[in-house]
1. Between a residue in region 94-120 that is over 20 Å from SER76 (Cβ atoms) and any residue that is of a type in the set (Lys, Arg) and exposed (fewer than 12 other Cβ atoms within 10 Å of the Cβ), which pairs come within a Cβ distance under 9 Å, given they are 6 or more apart or on different chains?
2. Assess whether GLY56 counts as being surrounded by 19 or more Cβ atoms within 10 Å (Cβ to Cβ), in contact with a helix residue (DSSP H, G or I) (Cβ under 6 Å, 6 or more places away or on another chain) and outside any loop (DSSP other than H, G, I, E, B).
3. Check off (1) in contact with a strand residue (DSSP E or B) (Cβ under 6 Å, 6 or more places away or on another chain); (2) of a type in the set (Gly, Ala, Ser); (3) over 14 Å from ARG73 (Cβ atoms) for ALA139 and give me the number that stays unchecked.
4. Just give me the residues in region 171-188 being over 17 Å from the mean Cα position of the chain (by Cα) and farther than 21 Å from GLY56 by Cα, in sequence order.
5. Do we have ARG174 as open to solvent by less than 40 Å² (accessible area, probe 1.4 Å) and charged (D, E, K, R) here?
Amino acid sequence: MIQTEQTGSIIVRLTIMMIILCGLIYPVVMTGIAQTAVPNKANGSLIYSNNHQVIGSKLIGQQFTSNAFFHGRVSSIDYNGAGSGSLNLAPSNKDLTNRIEKSVAAWKKENEVPKEGIPIDAVTNSASGLDPDITPQAAYAQVERVAKAAHIKTNTLKELIKEHTQQGAFGEKRVNVVELNLAVQRER
């Protein structure tokens, strides 16, 4: 019986020690290191307005509906950062087919691009529903619409796209729509 009491006491002390170590000390130390080494990333890569108001994050897309701005990818969750996800419908699912057909029709109407010229990322969801990036092709396909609505020269918009094109981790190029639209807003 004495060994059981000693074992129980050791287990309780070990549990308390692990809670303090892993639940308190480790998170505080890691947060301190992140805040010191990469504060912008540690705080969510926030984007600020000229008045120092948070207007978004480089990591989460936003819904842009005005023709004077570039549009991002389709989002099943309306870019709600409180959660993420996609409908995960099979290619044979009629709901997915209908949603893509609506997206294609809207793209053709908005951007006056033939069906063959619509970049696939313009009409498909990302896995998270929060993706802030599009391909450079999707951005260039929107230049004429944005130029007309924003009253900005197409060459200026093409240069902005070029400036905001980044190399992805696996070699693919991408354009952050939120940052690109902030640049468009500054040009207006």
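1. LYS108/LYS115
2. Judged against the criteria, GLY56 is a match.
3. (3)
4. GLY171
5. Here the answer is no, as ARG174 does not meet what is asked.
Each row is one residue, and each column tells you yes or no for (1) in a helix (DSSP H, G or I); (2) of a type outside the set (A, V, I, L, M); (3) closer than 27 Å to ALA183 by Cα.
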residue: LEU87; (1), (2), (3): no, no, no
residue: PRO91; (1), (2), (3): no, yes, no
residue: ALA105; (1), (2), (3): yes, no, no
residue: LYS108; (1), (2), (3): yes, yes, yes
residue: ASP121; (1), (2), (3): yes, yes, yes
residue: LEU130; (1), (2), (3): no, no, yes
residue: ALA139; (1), (2), (3): yes, no, yes
residue: GLU144; (1), (2), (3): yes, yes, yes
residue: LEU160; (1), (2), (3): yes, no, yes
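A quick yes/no check of all residues on (1) more than 25 Å from ASP133 (Cβ to Cβ); (2) modelled with pLDDT of 85 or more; (3) not in a loop (DSSP other than H, G, I, E, B):
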| residue | (1), (2), (3) |
| --- | --- |
| ILE11 | yes, yes, yes |
| THR15 | yes, yes, yes |
| ASN51 | yes, yes, no |
| THR65 | no, yes, no |
| ILE77 | no, no, no |
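The values are calculated or read from the model by the stated rules, or taken from the named source; none is laboratory data. All values reported here derive from a predicted model rather than from experimental measurement. Positions of Cβ are backbone-derived with ideal geometry, glycine not excepted, and every protein chain shown enters the neighbour counts. These area figures cover heavy atoms from the full protein model, side chains too; ligands, DNA and RNA do not enter into them. Shrake-Rupley method; radii C 1.70, N 1.55, O 1.52, S 1.80 Å.
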